[in-house]
Amino acid sequence: MQHRMTFTVAGLLIFSAVIYLIINNTSTTAQYFLTVEELKAMGDEALNRSITVSGAVLGDTIVYDEMKPRVIFTIVQVPADPKDVKAGGGLAQVLHDATLNPTASRIEIVYNGVKPDLLRNEAQAIIRGKMGDDGRFYADDVLLKCPTRYEEELPNQSEG
């Protein structure tokens, strides 16, 4: 009986430890997308943490140095809530409007690598990286969705 009780207690301790590790690891590695405004609101808390941020690319800010290779560009705030996107006329329209808004929050992105093919004005950028001490966001990964992908939301134009 004593051995059975010892085995049961040891089993419960091991089970509890495994559950604790799963919960703890999941909460610390879970990533979610931040908007530009949310990232800026984090302040120093964002420094040197792995973060994913999303925004619309401002095409006139794209600077590519082939020799390094390095690309620097700016993204601007877009709404994160799908209801806000729908109310704004769909994703293509929201991306377009965001790039024309001079008061929208912005953040400069630095990506060390070859310029992505889809990096252009009004592209939706989803970027994983770290906020630097200098106020720039240093990207490890850049995922871009071209705004032309969402043009089917708009009525067809006839050529005349």
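Suppose the filter is over 14 Å from ILE127 (Cα atoms) and surrounded by 11 or more Cβ atoms within 10 Å (Cβ to Cβ); does THR52 pass it? Explain how you work it out, then say what you get.
Numbers: over 14 Å from ILE127 (Cα atoms): no; surrounded by 11 or more Cβ atoms within 10 Å (Cβ to Cβ): yes.
Here the answer is no, as THR52 does not meet what is asked.
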When GLY135 is evaluated against the numbered criteria (1) small (Gly, Ala, Ser); (2) surrounded by 13 or more Cβ atoms within 10 Å (Cβ to Cβ); (3) modelled with pLDDT under 95, which criterion, by number, is the only one it fails?
(2)
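Here are GLY89, GLY55, GLY129: which of them is at pLDDT 90 or above and out of contact with any strand residue (DSSP E or B) (no Cβ under 6 Å at 6 or more places or on another chain)?
Values: GLY55 fails: out of contact with any strand residue (DSSP E or B) (no Cβ under 6 Å at 6 or more places or on another chain); GLY129 fails: out of contact with any strand residue (DSSP E or B) (no Cβ under 6 Å at 6 or more places or on another chain).
Checking each option against the conditions leaves just GLY89.
Given the condition free of Cβ contacts under 8 Å to residues at least 24 places away in the same chain and out of contact with any Gly (no Cβ under 8 Å at 6 or more places or on another chain), answer yes or no: does some residue in the stretch 121-134 qualify?
First, pick out the residues of the stretch 121-134 that are free of Cβ contacts under 8 Å to residues at least 24 places away in the same chain: 134.
Restricting the remaining residues to those that are out of contact with any Gly (no Cβ under 8 Å at 6 or more places or on another chain) gives 134.
For the stretch 121-134, residues free of Cβ contacts under 8 Å to residues at least 24 places away in the same chain and out of contact with any Gly (no Cβ under 8 Å at 6 or more places or on another chain): present.
The values are calculated or read from the model by the stated rules, or taken from the named source; none is laboratory data. Bear in mind the structure is a predicted one, so any value in this text is a computation, not a measurement. Glycine gets a Cβ as well: all are built from the backbone with ideal geometry, and neighbour counts include every protein chain shown.
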